[in-house]
Amino acid sequence: MTIQNNKNMNKVKASAPGKLMLFGEHAVVYGYPCIVTAVSSRIYVEVEKNNEFKVDAPQVKDLRFVEETVKLFSEKYQVDNKILIKTYSDFSSKFGLGSSSAVTVATIKALCKLYEIEISKKDVFDLGYKVIRTIQKIGSGFDVASAVYEGTIYFVTAGKIIEPLSVKNIPLVIGYSGTKASTTKIVKDLKPDLKIFDEIKQIVEEAKMSLVKSDWKKSGELMNQNHKLLQELGVSTEKLDRMCQVAVSAGAYGAKLSGAGGGDSMIALVSPDKIKMVESAIVNVGGEIIKVKNNI
Ligand code: MEV
């Protein structure tokens, strides 16, 4: 009975989470490690057999991620692409939570279900990373890995190391700065500074230990240090700096921009009793609080 249902399964659903970069952005593009955590907000993809290829994805800012995924998947696994794809999202693509990588991974997972193909997480990562590289030409793949492996991971460029970390319930506040940044442009324009990248690597290695120990005080200090180095790299903005500064003054253990910089969002590590104060401090300087639970 189950097998028959499976064979007649013409419509399937899959999903993948958004992410937050905790430590190590930019350096990770150049062969260094980073730490990224998945959030509870997800993108959902529904795929059904159809008489032609069609995509209905109003929340996806760039349909090429879905189209390229279907193209590479059908070439690799020798399946046709006569399907209708619909997407739904818990979060707006403007926040920099990784909607492109999440929709790419969710599409691969849905296609695997539809065609009953079993592939490993590493295979999903490799295919997803290929899609992202084909379209963006640039990027470490940390966001794809986060969408595939979920939880909190230690990641080295192009998936050379993908190590799930045993970290639970990181108490984060997320503030959106109000401007959308182009990750591709910022990454392309950045002048690599190996001295700064080495310092960032040290922070990532220390944060790997402090997060596993739930040592939020130490992790917060490391966030402040990481933010300073990102300022030196020239990727922060006055608004992001201000939001981080007021978060710390209001009692956060630490704060930093999260992602490419140039806009998008910042994160603050905050003990639960101080969350309200930190959130109002961020709002008072013009930030918008994004409500997502991390560590799913
Ligand atoms: C962007 O969210 C993070 C960067 O490190 C780029 C990447 O790793 O692909 C700046």
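Taken together, the values in this text are just the output of simple stated rules run on the coordinates, not laboratory data. Every value quoted in this text rests on a predicted model; they were computed, and no experiment measured them. Counting neighbours? That spans all protein chains shown, and the Cβs are built from the backbone with ideal geometry, glycine included.
A few comments on the model shown:
- Relative contact order of the stretch 172-289, pairs being alpha-carbon contacts under 8 Å that are 6 or more residues apart, as %: 38 percent
- Positive-end residue of L165, Q202, A145, charge dipole of the stretch 144-212 with Cβ unit charges: A145
- Remark on F23: its backbone amide H falls under 5 Å from those of I35, a criterion applied only to residues 5 or more positions apart or on other chains, H modelled at 1.01 Å from N.
- Dipole axis of the chain (+1 Lys, Arg; -1 Asp, Glu on Cβ), positive-most option in T104, N10, I43: N10
- Karplus-derived HN-Hα couplings along the stretch 113-124 (A = 6.51, B = -1.76, C = 1.60, θ = phi - 60°), whole Hz, x at Gly and Pro: 5, 4, 9, 6, 10, 9, 10, 6, 4, 5, 5, 5
- With the convex hull drawn around the C-alpha atoms of the stretch 172-289, the volume per residue stands at 87 Å³.
- Dipole-positive endmost among Y154, F95, P58 within the chain (Cβ charges, Cα centre): P58
- Restricting the stretch 19-114 to chymotrypsin sites (Phe, Trp or Tyr not before Pro) in coil, as DSSP defines it, with at most 15 other Cβ within 10 Å: F53
- Entries of K191/K274; K61/K195; K185/K213; K13/K208; K208/K228 with Cα pairs more than 29 Å apart: K191/K274; K61/K195; K185/K213; K13/K208
- Gaussian network model of the chain, springs between alpha carbon atoms under 10 Å - residue of I170, I135, I35 with greatest fluctuation: I135
- Residues of type aspartates and glutamates that K94 reaches as a straight line, Cα spacing below 16 Å, ignoring anything fewer than 8 places off in the same chain: D62, D143, D264, E288
- Averaging 1/r across all pairs of distinct Cα atoms in the stretch 253-296 and inverting the result yields a Kirkwood radius of 11.5 Å.
- Each Lys and Arg contributes +1 and each Asp and Glu -1, all at the Cβ; summed about the Cα centre of the stretch 11-165, the dipole is approximately 120 debye.
- Pairs from the list K168/K239; K19/K180; K113/K180 with a Cα-Cα gap above 23 Å: K168/K239; K113/K180.
- Dipole magnitude of the stretch 159-260 about its Cα centre (Cβ charges: Lys, Arg +1; Asp, Glu -1), debye to nearest 20: 260 debye
- Per the Debye calculation on the stretch 11-165 with a single equal scatterer at every Cα and no solvent contribution, log₁₀ I(q)/I(0) for q = 0.11, 0.12, 0.16 Å⁻¹ amounts to -0.38, -0.45, -0.80.
- For the chain, built as a Gaussian network whose Cα springs stay under 10 Å, the top-fluctuating residue of V283, V270, V79: V79
- Each Lys and Arg contributes +1 and each Asp and Glu -1, all at the Cβ; summed about the Cα centre of the chain, the dipole is approximately 340 debye.
- Helix content alone sets the calculated 222 nm mean residue ellipticity of the chain: runs of n ≥ 4 DSSP H residues at -39500 (n - 2.57) each, divided across all residues, give -13500 deg cm²/dmol.
- Applying a DSSP loop filter and a limit of 16 other Cβ atoms within 10 Å to the GluC sites (Glu not before Pro) in the stretch 109-181 leaves E116, E118.
- For K201, a cut-off of 14 angstrom between C-alpha atoms picks up these aspartates and glutamates, skipping any fewer than 8 places away in its own chain: E25, D193.
- Segment K76..D273, full-extension length gain: 65.8 nm, with 0.36 nm per residue of separation and the alpha-carbon distance subtracted.
- q = 0.13, 0.15 Å⁻¹, the chain: log10 I(q)/I(0) [Debye, one scatterer per Cα]: -0.85, -1.09
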